[in-house]
1. For the range 39-59, what are the residues that are at pLDDT 85 or above, more than 17 Å from residue 90 (Cβ to Cβ) and surrounded by 12 or more Cβ atoms within 10 Å (Cβ to Cβ)?
2. Among (1) in contact (Cβ under 8 Å) with a residue 60 or more places away in the chain; (2) farther than 30 Å from residue 30 by Cα, which single condition is residue 119 missing?
3. Suppose we filter the range 85-107 for residues that are under 13 Å from the mean Cα position of the chain (by Cα) and either within 17 Å of residue 45 (Cα to Cα) or in contact (Cβ under 8 Å) with a residue 60 or more places away in the chain (or both); how many remain?
4. Out of the range 1-38, which residues are over 18 Å from the mean Cα position of the chain (by Cα), crowded, with 16+ Cβ neighbours inside 10 Å and not in a helix (DSSP H, G or I)?
5. Can you work out which of the residues in the range 1-19 that are at pLDDT 90 or above and out of contact with any helix residue (DSSP H, G or I) (no Cβ under 7 Å at 6 or more places or on another chain) is farthest from residue 48 (Cα to Cα)?
């Protein structure tokens, strides 16, 4: 139960950071926010931070869903849960940051799914 609470809290924290970056990227206020300062240094820094935060949301949300399913039903989670989480993170990343962030997040997330598959064997 503790691991579910920890991963849920980490998912929420990372999701709040994603929402903050999305809000700070608004064209009206971007010059006066952290995103504007990072864009002045290097515009790719914010992109990498956005993708890594979305990847973290995917990892912790997937672990939460898989552990919660096992804990509630005593049945291991199947690939349906993982695919639903992939679709959910793709939608969130597309709506928040666009196609490029969605593609990069999906590539990292599919790498994590491959890692999960290798853990099964």
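The values are calculated or read from the model by the stated rules, or taken from the named source; none is laboratory data. Everything quoted here is computed from the prediction, not taken from an experiment. Positions of Cβ are generated from backbone atoms using ideal geometry, with glycine treated the same way; all protein chains shown enter the neighbour counts.
1. 45, 46, 48, 49 - these are the residues of the range 39-59 that are at pLDDT 85 or above, more than 17 Å from residue 90 (Cβ to Cβ) and surrounded by 12 or more Cβ atoms within 10 Å (Cβ to Cβ).
2. (1)
3. Qualifying residue count, the range 85-107: 9.
4. 33
5. Per the stated criteria, the residue is 5.
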